[in-house]
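Accompanying notes for the structure given below.
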Amino acid sequence: MAGETAFPAGDLMKGKRGIIMGVANKNSIAWHIAQQLHAQGADLAFTYAGEALGRRVHPLAESIDADLIIECDVTKDASMDAAFAAVKEKWGTIDFLVHAIAYSDKSALEGSFVENTTRQIFKDTMDVSAFSFVDAARRASEIMNPGGSMITLTYLGSERTVPNYNVMGVAKAALEASTRYIAKDLGAKGIRANAISAGPVKTLAAAGISSGKHLFSFNRLAAPLRDDTDPRGVAGAALYLLSDLGLSCTGETHHVDAGFHIVGMPDESALKE
Ligand code: NAD
């Protein structure tokens, strides 16, 4: 399988079972994370949004021996109920959850935030991109063993303005704050919750953001590592946070973005390239 050798093998996740929400295709960040967790011995269940994506997710999931592959639209309670019930029925308990889900109407991911963010778009973006983690965390915590761990994926557009990211930046701010409250509440059960703030990675979701090309080239030129964000680094951070390596780490937003988030002003040479 492509990419298999790219992920360090071991047994850090041996005996652990978890749910991966958000694989759309082989470029998805969730798929990189899934491959890394599998290489470390985890058993994985996958959820996917809709039949069309199911046709892509099934062969990927099956290539790493997953047989729990469930359709789940996070905006529908019945769909969430059914997905978590299927996991509970098959496994009883889980040890981790990966939430890698976001959506906004394309019309809001360009131009003016103030002009293009309608009430409906604001609500829908928040629902899919922020509330769904709160909802999934609650459901997952009901079947999660003590010592369990959950992560979500966020982006720097929550902390700073990024052209065209607009309402998604607002939803990511809510997602990061939600992660802290989830960590606070579930800490009493011995469950950790963290967010990974990834730099730009070429995926379906990234393609939805207007002038994404500029986003990638500016990040590459201005980041201390002068490179794109490697999704294998995101997967490595996920492994740390989801395994016992991450003991005592909760409520954190961990940046994996070639260092872009620390830059106040890029080098002049970067701007000229
Ligand atoms: P992706 O398009 O591969 O994944 C997004 C996923 O969200 C898809 O699997 C899609 O089916 C799912 N989704 C959307 N609406 C849904 C719904 N109603 N119900 C269930 N699932 C739904 O793109 P990705 O870049 O891998 O995105 C994963 C996460 O990473 C997102 O939260 C995204 O914001 C975040 N992220 C991406 C980047 C990047 O540059 N690609 C950077 C930082 C953070």
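The values are calculated or read from the model by the stated rules, or taken from the named source; none is laboratory data. All figures in this text were calculated on a predicted structure; none of them were measured in a lab. Positions of Cβ are backbone-derived with ideal geometry, glycine not excepted, and every protein chain shown enters the neighbour counts. Just so you know, the surface numbers come from the protein's heavy atoms only, side chains and all, with ligands and any DNA or RNA stripped out. Shrake-Rupley method; radii C 1.70, N 1.55, O 1.52, S 1.80 Å.
Only one of the numbered conditions (1) within 12 Å of the ligand (Cβ to nearest atom); (2) in a helix (DSSP H, G or I); (3) surrounded by 17 or more Cβ atoms within 10 Å (Cβ to Cβ) is not met by residue 54, and that is (3).
Would you check if residue 236 is part of a helix (DSSP H, G or I) and under 19 Å from residue 42 (Cβ atoms)? Here the answer is yes, as residue 236 does meet what is asked.
Considering segment 60-176, the qualifying strands (runs of 3 or more DSSP E), each wholly inside and each with 1 or more residues that are surrounded by fewer than 18 Cβ atoms within 10 Å (Cβ to Cβ), more than 9 Å from the ligand (Cβ to nearest atom) and in contact (Cβ under 8 Å) with a residue 40 or more places away in the chain, run over 144-154. Of all residues in segment 227-252, those satisfying the criterion of being open to solvent by less than 30 Å² (accessible area, probe 1.4 Å), under 21 Å from residue 160 (Cα atoms) and within 13 Å of the ligand (Cβ to nearest atom) are 229, 234. Beta carbons closer than 6 Å, at least 6 apart along the sequence or on distinct chains, never pair a first residue in segment 44-56 that is touching a residue at least 60 places away in the same chain (Cβ under 8 Å) with a second that is within 9 Å of the ligand (Cβ to nearest atom) and of a type outside the set (Lys, Arg). If you check residue 182 against the conditions, is it part of a helix (DSSP H, G or I) and β-branched (Val, Ile, Thr)? So residue 182 passes the test.
Among the residues of segment 196-217, none qualifies, meaning not one is outside any loop (DSSP other than H, G, I, E, B), of a type in the set (Phe, Trp, Tyr) and open to solvent by 30 Å² or more (accessible area, probe 1.4 Å).
Matching residues to (1) modelled with pLDDT of 95 or more; (2) closer than 21 Å to residue 90 by Cα:
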{"position": "27", "(1), (2)": "yes, no"}
{"position": "33", "(1), (2)": "yes, no"}
{"position": "47", "(1), (2)": "yes, yes"}
{"position": "51", "(1), (2)": "no, no"}
{"position": "56", "(1), (2)": "yes, no"}
{"position": "64", "(1), (2)": "yes, yes"}
{"position": "68", "(1), (2)": "yes, yes"}
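Against the definition (more than 8 Å from the ligand (Cβ to nearest atom), in a loop (DSSP other than H, G, I, E, B) and in contact with a helix residue (DSSP H, G or I) (Cβ under 8 Å, 6 or more places away or on another chain)), how does residue 224 come out, yes or no? So residue 224 fits the description; yes. Residues that are within 18 Å of residue 242 (Cβ to Cβ) and among the hydroxyl-bearing types (Ser, Thr, Tyr) were ranked within segment 179-199; the one that is farthest from the ligand (Cβ to nearest atom) is 179.
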